[in-house]
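Read the figures in this text as sums done on the coordinates, not as results from a lab. Small disclaimer: the values here were computed from a predicted structure and weren't measured. Cβ coordinates were reconstructed from backbone atoms using ideal geometry, including for glycine residues, and neighbour counts include every protein chain displayed.
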């Protein structure tokens, strides 16, 4: 990690579950998390989590007096890309995130030193879950911005296939799928061994997907099982465990012959997994965190991984033609991602809870 990690300041958050996820995102990087309560969050928090510590609240004036520089994370005019962004030096940096529907309030935008956004190739879905977005920004700010977004004439040809494996919570998984769609994936494989997505009860299904209102920007979610075998040329397994190759130093832009695997460390014994069933060349990648053996929320690990993969895959130049989607190159007893298989999920169904 390089540079001083900013304090995370959340403005106008309404949902206490999002507040809890924001606290986890900050803890993931050993950062503090404060809340500017404009929507009754403190009362909702104490009602939902009566045994939890009260949220640490801060006012607009206190933010202006105590923190510098201030960076606003939002899709605002003039915002710089989070990739390669280097904020001005200062004694007490802070990163401001806002309400997912309304963004950061104008009075905080006015005192922000810089504006930054997370580039996403999706034409329709332009925001992530607020905690997932905060985790991405903290990850890159802790690395001095990291490398810039790559330019590519054919990014789809460089996009790896994606496997989400062993998620234990339907809301965390729903947010991870939303992130995959926002970063340009049109299909993914899901090893749902804990049965939190396929075949769940009506209440869990509704919470994981929410109510579909518009049929646009779909992503195909295809079931796999722990005993299926595949023939990828390169398999990259991403965790937060010590000992793997750093995520930022590994290539994840080798197209559909490469499989990007994001396991849920809360529900898996990683050392007992037969990774060789996925392909012959397997590498373990590590999201470097300040705390050793820290197992954060699944949505946070998944979104950081997808953001870095999307950075390497690159963004198509304006006006460049869209190439034909690459054909999956792997086989099992079934063709895994054949068009007639799996569940077509519209991203509008996935709430940013």
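Brief remarks follow.
- C-alpha center-to-center spacing [the range 232-266, the range 66-144] in angstrom: 26
- Summary of packing: across the peptides 98-104, 47-53, the per-residue average of other C-beta atoms within 10 Å ranks them, highest first, as 98-104, 47-53.
- Ranked packing of 23-30, 105-112, most packed first, by mean Cβ within 10 Å: 23-30, 105-112
- Residues 46, 179 arranged by fewest to most Cβ contacts within 10 Å: 46, 179
- Residue order, fewest to most beta carbons within 10 Å, for 305, 239: 239, 305
- For the range 7-141, projected area of the alpha-carbon convex hull averaged over all directions, nm²: 8.0
- With neighbours defined as other Cβ atoms within 10 Å of a residue's Cβ, the residues 301, 237 order from fewest to most as 237, 301.
- Tensor-based shape of the range 5-70 (alpha-carbon gyration tensor, a/c under 1.5 rounded, otherwise prolate or oblate): oblate
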